[in-house]
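The values are calculated or read from the model by the stated rules, or taken from the named source; none is laboratory data. This is a predicted model, so every value here is computed, not measured. Methodologically, a virtual Cβ is constructed for each residue, glycine included, from the backbone with ideal geometry; neighbour enumeration extends over all protein chains shown.
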Amino acid sequence: MERRSLSPDGIRSLFVALQQDGFRIVGPAPVTGSVTFAEVGDFDELAIGLGLEVGPGRARVVESPAMFGAIGGPESLKRWQHAPQRVIWAGERGTNGFTGSAVVEESSGPVAFFGVRACDLAGARVLAKAIRRNLDERDLTIALRCTSFAPTCFCTSMGTGPDVPEGGADLVLTEVAGKTRMFVATAASPRGEALLAKAETKPASAADVDKADALVREVAAAMPRAFDPAEARSALAAPASGWDEVASRCMACGNCTAVCPTCFCVTVLDRTDPTATTAERIMRWDSCFTPGFSEMHGGPVRSSTAARYRQWVSHKVSWWWEQFGTSGCVGCGRCIVWCPVGIDIREEVSAAIERSTAHV
Amino acid sequence: MSPRVAVFKFASCDGCQLSVLDAEDELLAIVGAVDIVEFPEARTRREPGPYDVGFVEGSITTPEDLERIKQIRQDCKVLVTIGACATSGGIQALRNMADVGGYASIVYAHPEYLDVLATSTPIADHVPVDIQLYGCPVSKEQLIETITAVVAGRRPDLPSHSVCVECKARGTVCVLVTGTPCLGPVVRAGCGAICPSYQRGCYGCFGPSSNANVASLATAWEAVGMPRPALARALQGFTVGAPEFQEAIRAL
């Protein structure tokens, strides 16, 4: 498809076109202490000219030369795809016991996800397999190819970025930094094409297109390799010891699973009103790090933090393949940034691979 | 017949009992569902046991308390402790690391009139407890949830995981990772993660979470410029008496 170029005003016109089409817009926004995906009502609510300086267990908002420079904020698309809590059943006590029915959520309108990265899109695809629920088919994705990366990024190792795969989004933008900010846009679906037609654009020059592609290639070349997914899959498939050291640092607080774009585990519980006449069944996010997660008669199956960390990381990079035909890790690095003590999944998986080969 | 409910007080500030009265929107429904027969904070008429459910506020600090809690346990089918004092000894457990006689001589003109124990201890150190509601004060939501669960004959939803789970569910950006010291990763959820939603670190009102790893949290505090003694001081709050925090304070 023909590639177009957009100025910052062109991006604004794209935003306005989305609003006119009735979309709620989720994009990178300044949220107290960070920049992350949030619903915005106005173009100026987006985090323009802001970036994030991130590292293991650390994030600070900084100025960015790029218009949309923040990578590594805590929110992925998970919150919109898989709500933290929802009512799935409601019932009322009658003369013959409880009668009730499943509660189907009312959609609050189609969402346009603006400025999503290749890893975010990969996360949404992987999560959709696990929860058997895609983003709403009326939703729209406007991707932003990465022209920089954070020290916590490892999408190239997981094969999920920095480029957006064919069909991965409706519209793909690449920000070309220069004296003036400029974006190269490629419509990747008929809906993306229709949207682009409503925005202020110009045909992109061959030089701009080349520059945009080169920037993404440079990111791909410069990002350090983390671990080999195939090695991780086999090395972590079998039960093995060696998790005590990481468990001495792990607080079992559950932050990694909450920020992970693919961690889908939930708990289901019932609520009643004080007179026990109405009841609701609630589904809410859980984590394999909570004691209740593996609790059966008598107590939790995995009571030690070492057992819980092993469960999380082994499922993520190994057993996920058997279950869903893909890795559960997309290399976004959120678990590294938002772990308060900066536990680095790259190091832990690499160490586990090393332990498994040392035993052979 | 509605379940007979009693509310008792030991060494405490009455704040948790006030949380019961603070449940304004739900109070009428609760009063309709249960029969509150003993509640000295709220009513003058008192009825003797046995009770179906007894809520106990406060910690054990006197020889008399030791006897009274045993009788209450005998009188209550289900015993629920409410608040940081009842579950970990409260702020008054600071004396567990000091000489109570020394404090008494500073505060009272005639300390010889006092008859107190050397320590302030939680109810569960003395009698078996069925349900514990943590917090300073307890969460109104958890209190209502517990009463409704007991009425409905189901298990109340009282998670023992960290405050972080609540922060993430409500979409609060981690204050610790962004530079503010916070006890959240080692503290039990239940308050709804209020303080971090106002960009303040967690103060630990609900006491330690399960699998609390304070030694590791110390490295995160150091990373935001708070040395180990500062973390030890931060743990000496409303839940200072919790064994996990006592151990950490000694180690830090």
**OP:** Select from the range A:220-242 the residues that are surrounded by 13 or more Cβ atoms within 10 Å (Cβ to Cβ) and out of contact with any helix residue (DSSP H, G or I) (no Cβ under 8 Å at 6 or more places or on another chain) and list them in ascending order.
**Re:** none
Original post:
Looking at the range B:153-163, is at least one residue outside any loop (DSSP other than H, G, I, E, B), in contact with a Cys (Cβ under 7 Å, 6 or more places away or on another chain), under 24 Å from A:Asn255 (Cα atoms) and not charged (D, E, K, R)?
Top reply: yes
**OP:** Taking only the range A:198-222 into account, find how many residues are in a helix (DSSP H, G or I) and closer than 23 Å to A:Thr141 by Cβ.
**Re:** 10
Original post:
Under 9 Å by Cβ, and 6 or more places apart or on different chains, what pairs join a residue from the range A:284-302 that is more than 10 Å from every other protein chain (Cβ to nearest Cβ) with one that is in a strand (DSSP E or B) and crowded, with 17+ Cβ neighbours inside 10 Å?
Top reply: A:Ser294/A:Pro300
Original post:
Which of the residues that make up the range B:153-168 are without any contact (Cβ under 8 Å) to a residue 40 or more places away in the chain, at the interface with chain A (Cβ under 7 Å from one of its Cβ atoms) and over 18 Å from A:Thr272 (Cβ atoms)?
Top reply: B:Cys164, B:Val165, B:Lys168
**OP:** Would you please list the contacts, defined by Cβ atoms under 9 Å and residues six or more apart or on different chains, that run from a residue in the range B:198-219 that is within 26 Å of A:Pro300 (Cβ to Cβ) and touching a residue at least 60 places away in the same chain (Cβ under 8 Å) to a residue that is of a type in the set (Asp, Glu) and surrounded by fewer than 22 Cβ atoms within 10 Å (Cβ to Cβ)?
**Re:** B:Gly207/B:Glu244
**OP:** Please work out which residue is nearest to B:Ile123 (Cα to Cα), limiting yourself to the range B:94-109 and to residues that are among the aliphatic types (A, V, I, L, M) and not in a helix (DSSP H, G or I).
**Re:** B:Ala98
Original post:
So, of the residues in the range A:75-91 that are outside any strand (DSSP E or B) and among the hydrophobic types (A, V, I, L, M, F, W, C), which turns out to be farthest from the other protein chains (Cβ to nearest Cβ)?
Top reply: A:Leu77
**OP:** Could you identify the single residue in B:Pro111, B:Pro137, B:Pro122 that is within 19 Å of B:Thr62 (Cα to Cα), surrounded by 19 or more Cβ atoms within 10 Å (Cβ to Cβ) and either among the hydroxyl-bearing types (Ser, Thr, Tyr) or assigned by TED's automatic domain parsing to the domain that holds B:Leu21 (or both)?
**Re:** B:Pro122
Original post:
Could you list, in sequence order, the residues of the range A:306-360 that are among the β-branched types (Val, Ile, Thr) and in contact (Cβ under 8 Å) with a residue 12 or more places away in the chain?
Top reply: A:Val313, A:Val317, A:Thr326, A:Val330, A:Ile336, A:Val337, A:Val341, A:Ile343, A:Ile345, A:Val349, A:Ile353, A:Thr357
Original post:
Of the conditions (1) farther than 30 Å from A:Trp80 by Cβ; (2) crowded, with 20+ Cβ neighbours inside 10 Å; (3) within 11 Å of chain A (Cβ to nearest Cβ); (4) of a type in the set (A, V, I, L, M), B:Ala215 fails just one. Which one is it?
Top reply: (2)
Original post:
So which residues in the range B:143-170 are of a type in the set (Gly, Ala, Ser) and under 17 Å from A:Pro340 (Cβ atoms), if there are any at all?
Top reply: B:Ser162, B:Ala169
**OP:** Name the helices (runs of 4 or more DSSP H) wholly inside the range A:251-360 in which the number of residues that are within 26 Å of B:Ser216 (Cβ to Cβ) is 1 or more.
**Re:** A:255-259, A:305-314, A:334-337, A:345-359
Original post:
Take the residues of the range B:45-71 that are modelled with pLDDT of 90 or more, of a type outside the set (D, E, K, R) and surrounded by fewer than 20 Cβ atoms within 10 Å (Cβ to Cβ): which is farthest from B:Phe245 (Cα to Cα)?
Top reply: B:Pro48
**OP:** Please verify whether the range B:133-146 includes one or more residues that are at the interface with chain A (Cβ under 8 Å from one of its Cβ atoms), assigned to a loop (DSSP other than H, G, I, E, B) and in contact with a Pro (Cβ under 7 Å, 6 or more places away or on another chain).
**Re:** no
Subject >> Selected residue (criterion: modelled with the lowest pLDDT) from residues of the range A:40-61 that are within 19 Å of A:Ser13 (Cβ to Cβ) and of a type in the set (D, E, K, R) >> reply: A:Asp42
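Yes/no per residue for (1) surrounded by 20 or more Cβ atoms within 10 Å (Cβ to Cβ); (2) out of contact with any Asp or Glu (no Cβ under 8 Å at 6 or more places or on another chain); (3) among the hydrophobic types (A, V, I, L, M, F, W, C); (4) more than 10 Å from chain A (Cβ to nearest Cβ):
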{"residue": "B:Val127", "(1), (2), (3), (4)": "no, yes, yes, yes"}
{"residue": "B:Thr148", "(1), (2), (3), (4)": "yes, no, no, no"}
{"residue": "B:Val151", "(1), (2), (3), (4)": "yes, yes, yes, no"}
{"residue": "B:Val177", "(1), (2), (3), (4)": "yes, yes, yes, no"}
{"residue": "B:Pro185", "(1), (2), (3), (4)": "yes, yes, no, no"}
{"residue": "B:Cys195", "(1), (2), (3), (4)": "yes, yes, yes, yes"}
{"residue": "B:Phe206", "(1), (2), (3), (4)": "yes, yes, yes, yes"}
